[in-house]
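What follows is a short report on a single structure.
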Amino acid sequence: MTIQSKLVLYLLVLFYPVIAVSQYSETYSCSGGLLGVVLDYDQQTCTSQCNGNYQINVTTGVGPYTFSVTGPSYTSTLNVDSNLCPGNYSVTVTDIGQGINCVHSFEVLELSPIEYTVSVTNTSFAGLCDGSAEITLTGGVPPYYYQWYDSDTIPIPGETANVIDDLCAGTYFVQYWDHTPPCGWGTGGCGTAGSGLNVVAVTVMDPLEISVMAYPETCPGNCTGSLNITVTGGSGNYSYNISVNEYTYGTHAHAYANNLCYGGFTLVVTDDAGHSASQWVEIYLVGIGWCVPVIHNETCQGDCNGSVSFNTFYGGPAPDSFSKNGGITWQTSNTFTGLCPGNYYFVSRMTGYNPNCIFPLGNYSIQPGASNSTSTNFITACDSYTWLNGQTYTANNSTATYTINNAAGCDSVITLNLTINHSSDIDTFATACDNFTWYGNNYTASGNYTKSFINSHGCDSTKTLHLEINSNAGVEMVSACDSYTWIDGITYFDNNNVATYTLTNVAGCDSVVTLNLTMNHSSPGNISVTACDNFEWYGNVYSTSGTYFKNLNTVNGCDSLVTLNLVINNSYNSDTLATACDTFIWYGTTYTLSGMPTYGYNTENGCDSIITLNLSIENSNYLGEDVWACETFTWIDGITYTQDTTVSLYYTNSVGCDSVHTMHLDILQNSQTAMSATVCDNFQWFGSDYTSSGTYFHTLTAENGCDSLLTLNLTIVNSSNTDTTATACDLFTWYGTTYSMSGMPTHVYTAENGCDSIITLNLSVFHSSNVGDYVWACDTFTWINGATYYQDTSVSLYLTSVNGCDSVYSLYLDILHSSIIDTTATSCDSFEWNGNTYFTSGSYPQSFINEEGCNSIITLDLTVNNINTNILVGENELTAETAFAQYQWLSCDDNFSIIPYQTEQSINIDSSGNYAVEITENGCVDTSSCVYVIGVGTPELIQKNNITVFPNPTKGVFYIITDHICEDVIINIYSVDHKLVQTENHKHKQQIPVELIGNIGLYFVEIMTDGEKTIFKILKQ
C-alpha cells in the first residue's frame, strides 16, 4: 500500500464522519408579501461534474402552485431536483389561486481546485530542532483541514494546523482537504479534481556550514597558499566558488584550492537545492611582522648624519638581516646611520627561515639638513655699547664676531659693525643784579641751571648755567604795639609804608629797603552790669554780685585789661489753688476748663516773677427730655401724668454744681375697630387662614404709635368639588368646549349657597394616525410589511392602534441606483489617483457616493512600468541588470554627456571615472545612479616609489609614508565595487596613520599629493 493510500485510509476512518456539505438558503416574496418562498440549494460540485441540487418551499400563498427551473441545458418542473451543472438558474413559482408569478435566480458555482504553497525554515544549527514548515491553501471550500506525519507516515499527535514548528532535519508529510467530501466518496462520483485528500512531502535541512583550513603563502610572490574546505548540512552535491577560481566536485563534501597568493577571498558554497553559504577566507604571508621605522633626517647641510631604524615589529617575527640597497649588501644591525640626503629602498630577510626570501621594508627618504648662515649686525651707539658677547665697546668696531644656533640648530655667525658717537657737556657762568634771562627763562635767584639737547651726532648733551643774582631792593615788614623805632633812627607811633633807607650790598648793587609798619594799640576797659539770677561772661557764669577782671589780646596782638562790675538781683515763683463750677476768672481771663495757667509780673528789683494757678472746673447738668406716651406716663419724680405737660426738676449733681432736668410730655390715645365678613371655604386675615366661623382679634400699631385693636366677626360657607372621567378618539366636547388632547379641564359653577363649585374632567384623547413615510433607498428597500421594493412606489397600510383608533401608514418610496465603474491606466514608476500614489500594477477599488447619493465603486486597473536601474560591476565592465531594453551609457564626470556608440546592455570601461546608464523600457525612461570605476586602464595599479603603504594586509591601521613633507595629502578609500567608503585630508605630513573603518575585505587606496595620484590595493583582515 502506498503512502498516499495509507493516509487516505487513515483520514476516512478518523475524519469522514464530520465532513458536511455547504448549503445556501434564500428567502424572498412577491406582490407585497402575498407569495413567500424559501429556496435552498447546494453549491457542491467537482470539475466537469453536475451534482448541484435545489429545494423550493412556499411559505405564504393560496395555491395550488407550479414550479419551473431553467439553466444551462437544464429544465425542471419539480420543486426538488439535483444533477445541476455550474451556471445561472431561473426559478418561477406560480400561485394559481392568486394569479401571481414570482421569479428569482441563483447560481451554482464550480469549486476551484485546491492549490498549495509550502515554505520551509531550515534548522539554524546542525542537530538543533528549531526548523518549521507552513502550507498555504487556496481554492476548494474553506475551512481546510490538515494532518502532519513523520518520515515513517505515522501521524504526529496534535499537529493539525497548517504550521508545524520544532522540526529536526528530515522529511515530513502533510495531508490536507477542504470542507467537501473527497471526490469519489459517496454518491456523485466526482473523481479527484478540485477537492479531496492530498499529500505533500516536506524536507527540513540543517544549514550549510563551512569549515576552512587556510595554508599561508611562504614567500612574497610565490603564491603557494592553499585552502582545504569541509561542508556539512544542506542537500549535498556542493559546488564551490572563490574569487580567483571555481571548483566543482560533484557530490563531494571536500574541496581544495592551490596556488593562491596572499590576500582575502569570499568562498561561496551552493548545494543542489540552491542554498548557499559564504565565508571570508584569508591567505596569510608567512614572514616578518610590520614595522614603522624611526627616521632622523640630516641635521645641517653636509653633516650626512641621517639614520633609519627598524626597531619594533608587530604581528610577526623580526628579521635578522637588513639591506638598504635592494639586497646587494646586508647587515645584522636594524639601524642604518651616516645617511646623506636621498631615497633608500630597505629590504630584510630571515636567514634561519629562508635566506632566499626577501621581505620589503619600504622606500624612505632622508631630507637635507638646514644650511649654516652668516649675518652682519649694524649698530650706531653713543659713547659705549655692550654687544651679544658681553663686551662693552667705546670705539668703532667692525671685526668682532659671535656664533649662535639658528632655528634649525645650525651655526649662524654674526659680525659686529659698530659706530660710536660722543655726547657733549658745556658750562656757562653769569652774574647779574635782580634777574637773568637764559633760553627764554627769567631767573631771579642764584643757582645752577641745565638745558638738554641733541648734538650733531644725535647724542644726548647738556649745557649748565652757573648764575649769581645780586638784589638791589627790599621791603621790611614790621608790626608793633603803641610805638616802633626803625633803622633810620625815627620812632613811629602810627602805621607807615613810605619810609625808605638805601644800602650798598657786597656785590656793589644798591639795595633800597622800604618800611611797611603796622602799629597796633593796647585798649583797657570798664563794664558795669545788673542781671537777674546769674550772668555769663567770657565762659564763666556768675550768680553773685561783685567785681571781675579779664586780660585779653586784641586782634592786633596787644594786651588789654577789662573790669566787670556785676550786680545780681533774684526773681520769684509761686503757686495757688482754685475750684469753680462752669467758669473761673483770674487776672482778667475767664477759664472754662481745668488746667495750670500762669501769670508773669515784675518785682520791685526789676526781675520777672511767675505765679501758677492749679484750677479745677466742674460742670452743671442741664437736661431736656421729650416724651410721648399712650394714655398715661409716670416720670422720675413719681408722679403719673394723663395729660400733656412740661415739668422741671432742680438738684445738685455729684460734683456739687446746681443742675436742672426738664420733661416735655405728650399723651396719645389707643383705638378699637370691629368688622364682619361672610366668605366661601376660607378667609385670609393678617397672614392667617381661617376655615371656620368665629370671632377673631388682631392688634395693630396706629399712626401715633399706640395700640389699635381690630375685631373680626367671621362666617364661613363651604363650596363643592367633583370629578368625572371620559375617553375619546381625536376630539371630545364638554360644556361647549372641544378638546383634542388629553388633560384635566375644569368647569366652575355657583352652588345654592352662593359659592363657586368646580367639576374636573379626567380626559384621555387618543389619536388616529395618518403617517407618511418618505423614503429614499439605494437599489432595494424592505418595508414594515415585509415586502422588498425595487422600483418607485406608494403603499398604504390601514391599522387599528392599541387604543382602538383607526390609523393609516403610507410609504412614499423613491429607489435610487448605485454605480459600478471600471477605468484603466498605464504609468511609469507611479500613478496618482484620488489622492493615493500607486507604485505597483494591480486593481484598486475606490468607494464613492454617486450623484444619487448611493454607495458606488470605481475600480482602477493599473499597469505601472518600473525600470530596474541597478548596474552590475565586473572587471573593466559595467552591465545593466534590466535586459531587452534600450540603453544609452553616460559619463557622469562630463555632466552626464552621451558616450557615443555605447547603446548595449554592457559597456567596457577603459579609463577610471563615474558612469551611468539611461534605460528605456515600455515607453518609460530612467537613469541609474553613477558608478565610480577606479584603477582601470593601467596594467596594475599606479604606484610611485616615493610613497609606501604598510602593513598590507592590515588589521585596521596602516601607514602612508612619503619621501618628503607634503603640504596637502588627500586620501580616498574605495570598496571593490568602486564605492567611496572613506576620505581624509592631511596637511604638512610625511608619515600618516590611517584607520580603515570598513569591514574586512579588499580596498583601493587613492592618494593624491603634489598634484599626482597614487593607487594601492590593501587587504583588511
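The values are calculated or read from the model by the stated rules, or taken from the named source; none is laboratory data. Owing to the predicted nature of the structure, the values given are computational and were not obtained by experimental measurement. Reconstructed Cβ throughout: ideal geometry from the backbone, glycine too, with neighbour counts over all protein chains shown.
Some notes on this structure:
- PHE831 surrounded by 15 or more Cβ atoms within 10 Å (Cβ to Cβ) and over 23 Å from PHE781 (Cα atoms): yes
- Cross-chain or 6+ apart pairs with Cβ under 8 Å, segment 744-759 first and surrounded by 14 or more Cβ atoms within 10 Å (Cβ to Cβ), then part of a loop (DSSP other than H, G, I, E, B) and among the small types (Gly, Ala, Ser): CYS755/SER719; CYS755/SER720; SER757/SER719; SER757/SER720; SER757/ALA751
- Test for ASN865: is it over 42 Å from the mean Cα position of the chain (by Cα) and surrounded by 13 or more Cβ atoms within 10 Å (Cβ to Cβ): no
- Failed item in (1) buried (at least 16 other Cβ atoms within 10 Å of the Cβ); (2) touching a Lys or Arg at 6+ places or on another chain (Cβ under 8 Å), with ILE965 passing the rest: (1)
- Options CYS558, CYS581: the member that is surrounded by 12 or more Cβ atoms within 10 Å (Cβ to Cβ) and assigned by TED's automatic domain parsing to the domain that holds THR612: CYS581
- Residues being part of a strand (DSSP E or B), touching a residue at least 12 places away in the same chain (Cβ under 8 Å) and not β-branched (Val, Ile, Thr) - total across segment 54-100: 17
- Extreme residue, nearest to THR592 (Cα to Cα), among residues of segment 526-555 that are among the aromatic types (Phe, Trp, Tyr) and surrounded by 11 or more Cβ atoms within 10 Å (Cβ to Cβ): PHE535
- Here segment 581-597 is the region considered, the condition is being assigned to a loop (DSSP other than H, G, I, E, B), of a type outside the set (S, T, N, Q) and within 18 Å of ASN621 (Cα to Cα), and the residue that is modelled with the highest pLDDT is LEU593.
- Checking each residue in segment 745-769 for being within 16 Å of ALA726 (Cβ to Cβ) and out of contact with any strand residue (DSSP E or B) (no Cβ under 6 Å at 6 or more places or on another chain) picks out only HIS767.
- Residue-level check: of (1) among the hydroxyl-bearing types (Ser, Thr, Tyr); (2) within 46 Å of the chain's Cα centre (by Cα); (3) part of a loop (DSSP other than H, G, I, E, B), SER818 misses just (2).
- Elements of type strands (runs of 3 or more DSSP E) contained in segment 396-496, each with 1 or more residues being within 30 Å of CYS558 (Cα to Cα): 473-481
- Test: residue in segment 236-250 that is in a loop (DSSP other than H, G, I, E, B) and at pLDDT 75 or above: yes
- Search result, residues across segment 267-311 that are more than 23 Å from ASP206 (Cα to Cα), in a loop (DSSP other than H, G, I, E, B) and of a type in the set (A, V, I, L, M): VAL286, ILE288, VAL292
- Considering residues of segment 968-982 that are touching a Gly at 6+ places or on another chain (Cβ under 8 Å) and modelled with pLDDT of 85 or more only, the residue surrounded by the most Cβ atoms within 10 Å (Cβ to Cβ): ILE973
- Contact annotation: residue pairs with Cβ atoms under 6 Å, 6 or more positions apart or on different chains, pairing a residue in segment 436-462 that is touching a residue at least 40 places away in the same chain (Cβ under 8 Å) with a partner that is among the hydrophobic types (A, V, I, L, M, F, W, C) and surrounded by 12 or more Cβ atoms within 10 Å (Cβ to Cβ), are CYS459/CYS382.
- Number of the exception - THR123 against (1) at pLDDT 85 or above; (2) surrounded by 15 or more Cβ atoms within 10 Å (Cβ to Cβ): (1)
- Any chance GLN991 is modelled with pLDDT under 85 and assigned to a strand (DSSP E or B): yes
- Counting only strands (runs of 3 or more DSSP E) wholly contained in segment 674-790, the ones carrying 1 or more residues that are out of contact with any Lys or Arg (no Cβ under 6 Å at 6 or more places or on another chain) and of a type in the set (Phe, Trp, Tyr) occupy 683-685, 688-690, 694-701, 732-734, 737-739, 746-750, 756-766, 770-778.
- Take the conditions (1) among the hydrophobic types (A, V, I, L, M, F, W, C); (2) in contact with a Phe, Trp or Tyr (Cβ under 8 Å, 6 or more places away or on another chain); (3) at pLDDT 80 or above; ILE490 misses just one of them, which is (2).
- Strands (runs of 3 or more DSSP E) fully within segment 841-880 counting 2 or more residues that are of a type outside the set (Val, Ile, Thr) and without any contact (Cβ under 8 Å) to a residue 40 or more places away in the chain: 842-849, 855-865, 871-874
- Restricting segment 381-407 to residues that are out of contact with any Cys (no Cβ under 7 Å at 6 or more places or on another chain) and surrounded by 14 or more Cβ atoms within 10 Å (Cβ to Cβ), the residue that is farthest from HIS296 (Cα to Cα): ALA381
- Some residue of segment 23-35 being touching a Phe, Trp or Tyr at 6+ places or on another chain (Cβ under 6 Å), farther than 18 Å from GLY140 by Cβ and at pLDDT below 90: no
- Looking across segment 312-359, the residues that are in contact (Cβ under 8 Å) with a residue 40 or more places away in the chain and either part of a strand (DSSP E or B) or among the acidic types (Asp, Glu) (or both) come down to TYR314, LEU339, ASN343, TYR345, PHE346, SER348, ILE358, PHE359.
- Selection of segment 77-95 for residues being in contact with a Gly (Cβ under 7 Å, 6 or more places away or on another chain) and among the aliphatic types (A, V, I, L, M) yields only LEU84.
- Tabulated pairs, segment 1000-1016, first of a type in the set (Asp, Glu), second in a loop (DSSP other than H, G, I, E, B), C-beta under 8 angstrom, 6+ apart or interchain: GLU1006/ILE934; GLU1012/LYS944
Conditions (1) modelled with pLDDT of 90 or more; (2) on the phi < 0 side of the Ramachandran plot; (3) assigned by TED's automatic domain parsing to the domain that holds ILE992; (4) among the aliphatic types (A, V, I, L, M), marked per residue:
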position: GLY289; (1), (2), (3), (4): no, yes, no, no
position: VAL292; (1), (2), (3), (4): no, yes, no, yes
position: VAL308; (1), (2), (3), (4): yes, yes, no, yes
position: PRO317; (1), (2), (3), (4): no, yes, no, no
position: PHE336; (1), (2), (3), (4): yes, yes, no, no
position: ASN343; (1), (2), (3), (4): no, yes, no, no
position: SER348; (1), (2), (3), (4): no, yes, no, no
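- The residue pairs whose first member lies in segment 383-397 and is under 16 Å from GLY458 (Cα atoms), whose second member is exposed (fewer than 11 other Cβ atoms within 10 Å of the Cβ) and at pLDDT 90 or above, and whose beta carbons are closer than 8 Å, counting only pairs six or more residues apart or on different chains, are SER384/THR392; TYR385/THR392.
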